[in-house]
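What follows is a set of notes on a single structure, which appears directly below.
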2 protein chains.
Amino acid sequence: MKELELHKAFMLIEPGPVTMISTRGRDGRANVFTLTWITVLDWTPRFALCTGAWNFSYHALKETGECVVNIATADMLDTVLKVGTCSGADTDKFAKFGLTAKDASKVGAPLVGECWAQIECRVVDHIAAHDIFILEGVAAWRNPAHKDKRLLHAIGDGTFTADGEVFHRRAEMGDKLPPGV
Amino acid sequence: MKELELHKAFMLIEPGPVTMISTRGRDGRANVFTLTWITVLDWTPRFALCTGAWNFSYHALKETGECVVNIATADMLDTVLKVGTCSGADTDKFAKFGLTAKDASKVGAPLVGECWAQIECRVVDHIAAHDIFILEGVAAWRNPAHKDKRLLHAIGDGTFTADGEVFHRRAEMGDKLPPGV
């Protein structure tokens, strides 16, 4: 793992990828769930994550105020589906699906070692009326050895797409780009 | 344009596409801006849109409580960039970029006729502390004749990707899929 500058962490979320969110409850149990309901708030490492009380990890997120946003890639679609279709209430997903729970640097929730990139986050606000958690990234990592960097996108009906054609249009963005990216 | 069932509108936003948001101020002026900072809240046509007072359309959004979320596709990248790098404060973007402002059915903001799909939305809440607008879709449209349906995703540094490989994994999603999609 290589540390990723925090001011670049928004670039992992802005494209709208499928993520896997890992938590660790006060009882020490780690869990991970698949999530696409997340957006950047701006160019800072602050994100709005939407999930409700029906989600097993919701309670760990509320109680500990910590999670890791792990970025899934196209090669991980099988894992994304397995993780997304069972519950941490009755399944140790790390054990069952052979995932590596690596220690994070600043939060108690584990990094999912198999993912291409990970953002350690703290909950800075919870908007209960809309089931939105406001996250602030406190450390970020990427695995330079991870080969398939195509992000996954969920259509919502069981169809997923992977990143395809790439367009480099930096020159046209001018002062609309934040500094340092 | 063909009407899209509202319960399917989340499928336009969940994959994290680049959108163009259109508004019409109380003075009657239409504007459109490029936005990737949006997420579904769940499987309903409700979305969290993040933008602040520095955005010309922010004021129309606050005052009128209406907008249209227009879905951009890869063939529209040039337009996305032009719309995203100037301001409605001094530019009539519809006129300048040859965009068609079509009447919406339920809101005063116009549809961008060139887009593949459009969701007419009303603002149901504004979380000022985080510059988040909660939108509720009230009508949705798609253009069956639109050829390039590859969604665009913004990386944040001037790089964009278009949807590539498609994976059909409906059978594995089971009861995790909402009804009717």
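Looking at B:77, B:81, B:4, which is the one that is out of contact with any Pro (no Cβ under 6 Å at 6 or more places or on another chain), of a type outside the set (S, T, N, Q) and closer than 30 Å to residue A:54 by Cα?
Going through B:77, B:81, B:4 in turn, just one is out of contact with any Pro (no Cβ under 6 Å at 6 or more places or on another chain), of a type outside the set (S, T, N, Q) and closer than 30 Å to residue A:54 by Cα: B:4.
Between residues in segment B:27-43 that are more than 10 Å from chain A (Cβ to nearest Cβ) and residues that are open to solvent by less than 10 Å² (accessible area, probe 1.4 Å) and charged (D, E, K, R), which pairs lie under 7 Å by C-beta distance while being six or more apart or on different chains?
Short answer, once both residue conditions are applied: B:31/B:93; B:32/B:93.
Filter segment B:28-78 for residues that are in a helix (DSSP H, G or I), out of contact with any strand residue (DSSP E or B) (no Cβ under 8 Å at 6 or more places or on another chain) and more than 22 Å from residue B:9 (Cα to Cα) and give the result. Even if it seems obvious, please write down each step before you answer.
Keep residues of segment B:28-78 that are in a helix (DSSP H, G or I), which gives B:56-64, B:74-78.
Of the ones still in play, those that are also out of contact with any strand residue (DSSP E or B) (no Cβ under 8 Å at 6 or more places or on another chain) are B:58-59, B:63, B:75, B:78.
Listed by number, the residues that qualify are B:58, B:59, B:63, B:78.
Does segment B:64-72 contain any residue that is open to solvent by less than 50 Å² (accessible area, probe 1.4 Å) and among the small types (Gly, Ala, Ser)? Before the answer, list the steps.
So the first thing to find is which residues in segment B:64-72 are open to solvent by less than 50 Å² (accessible area, probe 1.4 Å), and the list is B:64-72.
Then drop every residue that is not among the small types (Gly, Ala, Ser), which leaves B:65, B:72.
Taking every residue of segment B:64-72 in turn, at least one turns out to be open to solvent by less than 50 Å² (accessible area, probe 1.4 Å) and among the small types (Gly, Ala, Ser).
Find all pairs meeting these conditions: Cβ atoms under 7 angstrom apart; at least six residues apart or on different chains; first residue within segment A:155-178 and more than 25 Å from residue B:176 (Cβ to Cβ); second residue of a type in the set (Asp, Glu) and open to solvent by 90 Å² or more (accessible area, probe 1.4 Å).
A:164/B:165
In segment A:1-27, which residues are part of a strand (DSSP E or B) and open to solvent by 10 Å² or more (accessible area, probe 1.4 Å)?
A:2, A:3, A:24
Picking from B:129, B:154, which residue would you name as being at the interface with chain A (Cβ under 10 Å from one of its Cβ atoms), of a type in the set (A, V, I, L, M) and surrounded by 15 or more Cβ atoms within 10 Å (Cβ to Cβ)?
After applying the criteria, what remains is B:154.
Could you list, in sequence order, all residues of segment A:132-148 that are open to solvent by 50 Å² or more (accessible area, probe 1.4 Å) and within 14 Å of chain B (Cβ to nearest Cβ)?
A:136, A:142
Considering only segment A:157-176, state which residues are facing another protein chain (nearest Cβ under 7 Å) and aliphatic (A, V, I, L, M).
A:162, A:166, A:173 - these are the residues of segment A:157-176 that are facing another protein chain (nearest Cβ under 7 Å) and aliphatic (A, V, I, L, M).
Which residue pairs have Cβ atoms closer than 8 Å, lie 6 or more positions apart in sequence or on different chains, and pair a first residue in segment B:76-97 that is within 14 Å of residue A:176 (Cβ to Cβ) with a second residue that is assigned to a loop (DSSP other than H, G, I, E, B) and of a type in the set (Phe, Trp, Tyr)?
B:82/B:97; B:83/B:97
Among the residues of segment B:7-26, count how many are aliphatic (A, V, I, L, M), touching a helix residue (DSSP H, G or I) at 6+ places or on another chain (Cβ under 7 Å) and either without any contact (Cβ under 8 Å) to a residue 60 or more places away in the chain or within 13 Å of another protein chain (Cβ to nearest Cβ) (or both).
Qualifying residue count, segment B:7-26: 2.
Going by the structure shown, is residue B:93 open to solvent by 50 Å² or more (accessible area, probe 1.4 Å), of a type in the set (Lys, Arg) and modelled with pLDDT of 95 or more?
For residue B:93, the condition - open to solvent by 50 Å² or more (accessible area, probe 1.4 Å), of a type in the set (Lys, Arg) and modelled with pLDDT of 95 or more - is not met.
One residue is enough: does segment A:98-114 have a residue meeting the conditions open to solvent by less than 50 Å² (accessible area, probe 1.4 Å) and within 14 Å of another protein chain (Cβ to nearest Cβ)?
no
The values are calculated or read from the model by the stated rules, or taken from the named source; none is laboratory data. Because the structure is predicted, anything quoted here is derived from the model rather than measured. We place every Cβ from the backbone using ideal geometry, glycine too, and count neighbours over all the protein chains shown. Accessible surface areas use protein heavy atoms only, side chains included; no ligands, DNA or RNA. Shrake-Rupley method; radii C 1.70, N 1.55, O 1.52, S 1.80 Å.
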